[in-house]
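> Have a look at this one.
The values are calculated or read from the model by the stated rules, or taken from the named source; none is laboratory data. What you see is a predicted model; the values in this text were computed from it and never measured. Using ideal geometry, Cβ is built from the backbone for each residue, glycine included, and neighbour counts are taken over all protein chains shown.
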Protein chains: 2
Amino acid sequence: MTQRRPMAYSIHRDVLHEADVEEMAQKSESKPSVCENVIQSMRCSGPRLKKCLLRTFPVASWLPRYSIRENALGDFISGISVGIMQLPQGMAYALLAAVPPVFGLYSSFYPVLVYFIFGTSKHISLGTYAVLSVMIGGVTERLAPDSDFMVWDNVTNSSMVDTTVRDAERIKVAAAVTFLSGIFQVIVLGLVQFGFVVTYLSEPLVRGYTTGAAIHVIVSQLKYTFGINPVRHSGPLALIYTVIELCYLLPQTNIGTLVVSIVAIVGLILAKELNSYLGKKLPVPIPVELIAIIVATVISWQVDVEGKYGVDVVGLIPSGLQPPVFPEVSLFGQVIGDAFALSVVGYGIAISLGRIFALKYGYKVDSNQELVALGLSNSFGGIFQCFAISCSMSRTLVQESTGGKTQIAGALSAIVILFITLWIGALFEDLPKAVLAAIIYVNLHGMMKQFLDIPLLWRTNKIDMMVWVVTFILTVLLNPDLGLAAAIGFSMLTVIFRTQLPKYSALGRVPNTDIYRPLENFNQVRNVPGILIFRSSATLYFANAEMFQDALGRKSGIDITKALSAKKKLEAKKKRHEKKMAKDVKKAEKALKMNGVEQKEVAIIEVEAERDPSLLRTIILDLSTVNFLDTVGIKTLRNIQKDYEEIGVEVVLASCQTSVVEHLETGGFFNDKVTKSCLFNSIHDAVLHFSASTLEENRETHF
Amino acid sequence: MTQRRPMAYSIHRDVLHEADVEEMAQKSESKPSVCENVIQSMRCSGPRLKKCLLRTFPVASWLPRYSIRENALGDFISGISVGIMQLPQGMAYALLAAVPPVFGLYSSFYPVLVYFIFGTSKHISLGTYAVLSVMIGGVTERLAPDSDFMVWDNVTNSSMVDTTVRDAERIKVAAAVTFLSGIFQVIVLGLVQFGFVVTYLSEPLVRGYTTGAAIHVIVSQLKYTFGINPVRHSGPLALIYTVIELCYLLPQTNIGTLVVSIVAIVGLILAKELNSYLGKKLPVPIPVELIAIIVATVISWQVDVEGKYGVDVVGLIPSGLQPPVFPEVSLFGQVIGDAFALSVVGYGIAISLGRIFALKYGYKVDSNQELVALGLSNSFGGIFQCFAISCSMSRTLVQESTGGKTQIAGALSAIVILFITLWIGALFEDLPKAVLAAIIYVNLHGMMKQFLDIPLLWRTNKIDMMVWVVTFILTVLLNPDLGLAAAIGFSMLTVIFRTQLPKYSALGRVPNTDIYRPLENFNQVRNVPGILIFRSSATLYFANAEMFQDALGRKSGIDITKALSAKKKLEAKKKRHEKKMAKDVKKAEKALKMNGVEQKEVAIIEVEAERDPSLLRTIILDLSTVNFLDTVGIKTLRNIQKDYEEIGVEVVLASCQTSVVEHLETGGFFNDKVTKSCLFNSIHDAVLHFSASTLEENRETHF
């Protein structure tokens, strides 16, 4: 901010009504017709078609202009680094999705390639994402629970789960829900322009939500850490039941698995600390997770932890890729809700991360194109038996910090994954699942940090803190899909709350200025004699219309119902005396409606006995904070005007914005009696207008 | 409005920042602590206790002061008239509730007496109400459907419904849901202060809702008009299924019943017309409905329509009252949702009617006490096997127009009903049910008129029309209980819609004034050179924060991402040339941040090449329409300030209301660099402040 000396402020003009201003400024009426706009937007031409094609295939616009000299090295290093990260993360998140680890590798390959062609963000790293994976896990375990795949084992003489059949079924479910969520992203969010739902994903909501989802992630992985087999729970409160079940099963902990877990977690944390300590000195971060799974696999293979200690390992990893299979349409009906939640969350996360980096590097992310890119990634992925993807914060940061500059980095990481899938993957068959769970925990560290939002929001904005906490609780209790819907509902309700309980203030004048401020907040603000200036801190609409009237009554000190009934009684009395003094009464009545200065009749004094007679003649409603007026709002204003006018108090409006004036017009607020001359340009215009009539009495207080 | 000549407007003062204003006006910080307020409100004393007692039993405060001379005659006539109306309405609405007609009489007696003691409205006529009755009917028919009470009839050799057992069960259900709704009104709405939900029942919503409920009423009575027996449908779309079923059964119409219906409907309509034609000449309206049921009963009894033509008649009416029975608690679980809907609707209708008459006659209706009164009426009624009541518009109008002045009128009407129940009721056993259905149709005439709201709202407020229509459709399709919830949800969403798509305007100055208006709406408004004044028509919050930024970009003509990337490229270029001309570049960078007038360096011109260099130096964000700021809003403002400042455009705020300034403070908007001096009292203050620096160039355009 530059600091200059205050200058003089000098204005000479007439006191202006809305009507005067509209005349002076020549209000225009013509609006471009909707029809013309539509025709304009439908027009088709050669350059337009080319532009449209380039928009749909962004790769065609940037790849030909790719500067090898500038970008190639950074993209190469970044692509390799991210690919190396995708390997352990993909396998670990496959556990979350309750499918065999190799499908995590597929999910890190096909969608990433599709995004390379259609995506517009240069920095985000698409692939498996913890929150989406745990949501997928909820669906797969609900539709293909262990209990459906029990077979009798003749060897141990007990029933056990036929994991091969179960996993095949789960893969089908995951592919179906992923395919459907992709279709939703393209059709519902993209073409039907429903993408605006992500604007409801405000920052406190997203952070509360991801933290809540992280709790689900942790709980779902505890069974691998302790080597136990709890029964799957679903529906609301499933998390609580699962935790209770886990506590119950804790004595059955497999000590070998627990040891592996603890060693892996401690090792990973130490290595990550080292990484961040060395962060600035190394060109590329140490691939901690890759080292962890290599070391763990080697040890596991040498020691034979599976045979000797019963530690659960990854098991068969098929080499090579799988042929595409169209998802089972019969499953769509059962997963439609989950698919929609996945599509919204996936898009919300990707677009917010994309925007952050676009702003940082000064390019534009096309939100509609991103929907198409993500949707195609997911639906294409679904055909190749991937599970739903989005972009992960941790990988994106690595991609950016290692020098990745274009989508080439993402494509390279996919090629690294392809290479691993084809030739190396099978080597990891001995990797203990507990190590993958450890990788997941350590990766959640960023989400756990989000708990620090609570004290921060407590200081800055309590309602946003409420949104955070309620979203978190709803997500934890109701599961991620239902929790998201409930949280969005709640965050919309907060808008109602925020505007439903406004602060009502009587304004006073800052001496010798045209500035009006709330009397209760400022000491050197003076009431304008005979005039009440009333403002609500929020817009006036159906949910607070009644409160507006009540507050006006409190601030004006006029009990409008009492005053009206006093007037009614008076009128009744008058009627009884009518025969006696017909003439006098008529005069009194006339005076009552005129609001003149000299009315001295007993009748008037009786009506005005409710309040200090010299005090209130005019109410100015400052409508500057009003955003729109619904019928209830207009009716409220009209009632206020009618009621107060009946007891001799004039009510005028001030500082309406242009669209509110239009609402007043179409809403039928103005008529023969109420014209635009009761609408003042500013509070000060209105005050000056009414001060003139009482100028004799208190000239000195006004000027 | 008084019309006076415009006066001169004259202001001399310094250009003021928010900080200056706060200093001048001495902003006070002290707020009354929440704790003190609580203690204050908890304090107990003698007068307070008495006041509390009088509040709980309003009868104790007004009955001792009852003026027999003034009120007795009016109350007497009014009480008798309303009592006479309660008889046919009570019996008819009992059909809606699917219970025997005599229970409609009980419902017109017990609750009315309770309201006499606890109620604060002097004019509303409590008793049976069509909308509530049809909601009760939905519950009773769902929980005690005909199919549960089939018995084998040995005479006709076919199965038929055992109506006695069925009706006994339905009465139990009705009593249980009524009792529970009363408890909800006292506890949930009253004590837990949940009564604010009725503020969501905006006028368009209530009118759309009652019209939709009227459709349900009509459809539910068609079976009596045609003398057919459709199967009961429940759940969403039940109305559609019922109508289809009715059409299917139409050939089985009982001609006798249809003739009775048509005669009754035509007769009632004609008599009502006559009534409204003679309206002003008669002191008391002709009790059309009473005459109709008397005539119909006499004819039915003489002709024996039941025996000869198979017309369904009312049947056994037990004389005398029933002993109280506590409702079956086991039913509560099944009716909890319906009970809540009943409690909200019943209260909403009663309080809105009560307020209308309170305002008309200048007394106060205590909304909390009304909840207690209604709740006790319903729960007491539930024990005496009544069904849920509220107040009916038609009876209330009669009560008021026949001179009813206090709750005594209501009490008298209850005594009339008691008299009928004890001695006369049994005489109506031969009354055809088709006549009662006819009475219901004719009474719905007012609700049907509400369809005229649609064209009216189309002209005045399209969003409110949407609320009306959507509420109507939801109520018709989803049944009254679920429909109400969905409609309230929708009407809240409209608030989001209304603020989510604001109109963004660039403001210009009305020449020679301090008035700023949107450039696109006014022809004589002039752009201020070098300054963009930007306003959103709605408050800035999470759902429109992104649009705010986009719109600002459009209006300013600055593609901020492009400008920033241009700046980034420039900086990269500079680094490369650093060795050559280290000194020169440093100067350029310094100049870039200073926003001075004389910066002529090539570097700056490159950055500013994106736009006309002389055009934009300052953006003034007019925040007068902002109601509150959430964390997303504050972040948006901060980002805008940071980004534009980086390309040499200063961003300041103007016209914040006091509470928004507080939100900015607690939200951490201000820091060492951004102080309150970037917050101007008004747009004009800001414009004057920045015009000073360019005064040399364009002095004539500003003053």
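> Would you please name the residue that is farthest from residue B:486 (Cα to Cα), looking only at residues in the stretch B:215-248 that are under 26 Å from the mean Cα position of the chain (by Cα) and not aliphatic (A, V, I, L, M)?
Per the criteria, the residue is B:216.
> For the stretch A:636-660, which residues satisfy the criterion of being at negative phi and in contact with an Asp or Glu (Cβ under 6 Å, 6 or more places away or on another chain)?
Result: A:654, single match.
> Moving on. Determine which member of the set A:189, A:132 is modelled with pLDDT under 90, crowded, with 18+ Cβ neighbours inside 10 Å and of a type outside the set (Lys, Arg).
Working: A:132 fails: modelled with pLDDT under 90.
A:189 is the lone residue from the list that is modelled with pLDDT under 90, crowded, with 18+ Cβ neighbours inside 10 Å and of a type outside the set (Lys, Arg).
> Regarding the stretch B:483-493, can at least one residue be identified that is closer than 30 Å to residue A:205 by Cα, crowded, with 21+ Cβ neighbours inside 10 Å and within 9 Å of chain A (Cβ to nearest Cβ)?
yes
> Do any residues in the stretch B:284-306 that are more than 20 Å from residue B:84 (Cα to Cα) have Cβ atoms under 8 Å from those of residues that are small (Gly, Ala, Ser), where the two are at least six apart or on different chains, and which pairs are they?
As it stands, the answer is B:305/B:256; B:306/B:300, since those pairs meet every condition given.
> Separate question: Cβ-Cβ distance below 6 Å, separation of 6 or more or different chains: which pairs start in the stretch B:168-182 with a residue that is buried (at least 24 other Cβ atoms within 10 Å of the Cβ) and at pLDDT below 95 and end on one that is acidic (Asp, Glu) and in a helix (DSSP H, G or I)?
That search, which allows pairs on different chains as well, returns B:177/B:338.
> For the structure I just gave you, tell me whether residue B:212 is assigned to a helix (DSSP H, G or I) and either in contact with a strand residue (DSSP E or B) (Cβ under 6 Å, 6 or more places away or on another chain) or more than 14 Å from chain A (Cβ to nearest Cβ) (or both).
Details: assigned to a helix (DSSP H, G or I): yes; either in contact with a strand residue (DSSP E or B) (Cβ under 6 Å, 6 or more places away or on another chain) or more than 14 Å from chain A (Cβ to nearest Cβ) (or both): yes.
Criteria met by residue B:212.
> Among the listed residues B:137, B:104, B:79, identify the single one that is under 30 Å from residue B:363 (Cα atoms) and either assigned to a loop (DSSP other than H, G, I, E, B) or in contact with a helix residue (DSSP H, G or I) (Cβ under 6 Å, 6 or more places away or on another chain) (or both). Outline the logic, then answer.
Working: B:137 fails: under 30 Å from residue B:363 (Cα atoms); B:104 fails: under 30 Å from residue B:363 (Cα atoms).
So the residue among B:137, B:104, B:79 that is under 30 Å from residue B:363 (Cα atoms) and either assigned to a loop (DSSP other than H, G, I, E, B) or in contact with a helix residue (DSSP H, G or I) (Cβ under 6 Å, 6 or more places away or on another chain) (or both) is B:79.
> Here is a follow-up. Regarding residue A:55, is this residue in contact with a strand residue (DSSP E or B) (Cβ under 6 Å, 6 or more places away or on another chain), modelled with pLDDT under 85 and of a type in the set (Lys, Arg)?
On the way: in contact with a strand residue (DSSP E or B) (Cβ under 6 Å, 6 or more places away or on another chain): no; modelled with pLDDT under 85: yes; of a type in the set (Lys, Arg): yes.
For residue A:55, the condition - in contact with a strand residue (DSSP E or B) (Cβ under 6 Å, 6 or more places away or on another chain), modelled with pLDDT under 85 and of a type in the set (Lys, Arg) - is not met.
Let's see how each residue does on (1) under 24 Å from residue B:94 (Cβ atoms); (2) crowded, with 21+ Cβ neighbours inside 10 Å; (3) touching a Leu at 6+ places or on another chain (Cβ under 7 Å):
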{"site": "B:211", "(1), (2), (3)": "yes, yes, no"}
{"site": "B:216", "(1), (2), (3)": "yes, yes, yes"}
{"site": "B:237", "(1), (2), (3)": "no, no, yes"}
{"site": "B:243", "(1), (2), (3)": "yes, no, no"}
{"site": "B:247", "(1), (2), (3)": "no, no, no"}
{"site": "B:251", "(1), (2), (3)": "no, no, no"}
{"site": "B:257", "(1), (2), (3)": "yes, yes, no"}
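> Sticking with this structure for a sec: Working only within the stretch A:507-535, note down all residues that are more than 24 Å from residue B:684 (Cβ to Cβ) and more than 7 Å from chain B (Cβ to nearest Cβ).
A:520, A:527, A:529, A:530, A:532
> Kindly establish whether residue A:313 is over 33 Å from the mean Cα position of the chain (by Cα) and either assigned by TED's automatic domain parsing to the domain that holds residue A:201 or not β-branched (Val, Ile, Thr) (or both).
The answer is yes for residue A:313.
> Which residue, of B:642, B:635, is surrounded by fewer than 19 Cβ atoms within 10 Å (Cβ to Cβ), at the interface with chain A (Cβ under 9 Å from one of its Cβ atoms), basic (Lys, Arg) and part of a helix (DSSP H, G or I)?
The unique qualifying residue is B:635.
> Related question: In this structure, does residue B:121 turn out to be not hydrophobic (A, V, I, L, M, F, W, C), not assigned by TED's automatic domain parsing to the domain that holds residue B:220 and not in a helix (DSSP H, G or I)? Give the derivation first.
Numbers: not hydrophobic (A, V, I, L, M, F, W, C): yes; not assigned by TED's automatic domain parsing to the domain that holds residue B:220: no; not in a helix (DSSP H, G or I): yes.
The answer is no for residue B:121.
The rows are residues; the columns are (1) hydrophobic (A, V, I, L, M, F, W, C); (2) on the phi < 0 side of the Ramachandran plot; (3) in contact with a Leu (Cβ under 9 Å, 6 or more places away or on another chain).
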| position | (1), (2), (3) |
| --- | --- |
| A:101 | no, yes, yes |
| A:107 | no, yes, no |
| A:125 | no, yes, yes |
| A:130 | yes, yes, yes |
| A:144 | yes, yes, no |
| A:151 | yes, yes, no |
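> Is it the case, given these coordinates, that residue A:110 is in contact with a strand residue (DSSP E or B) (Cβ under 7 Å, 6 or more places away or on another chain) and assigned by TED's automatic domain parsing to the domain that holds residue A:357?
For residue A:110, the condition - in contact with a strand residue (DSSP E or B) (Cβ under 7 Å, 6 or more places away or on another chain) and assigned by TED's automatic domain parsing to the domain that holds residue A:357 - is not met.
> On the basis of being surrounded by 18 or more Cβ atoms within 10 Å (Cβ to Cβ), farther than 30 Å from residue A:14 by Cα and among the aliphatic types (A, V, I, L, M), does residue B:474 make the cut?
Considered against the rule, which asks whether it is surrounded by 18 or more Cβ atoms within 10 Å (Cβ to Cβ), farther than 30 Å from residue A:14 by Cα and among the aliphatic types (A, V, I, L, M), residue B:474 comes out as yes.
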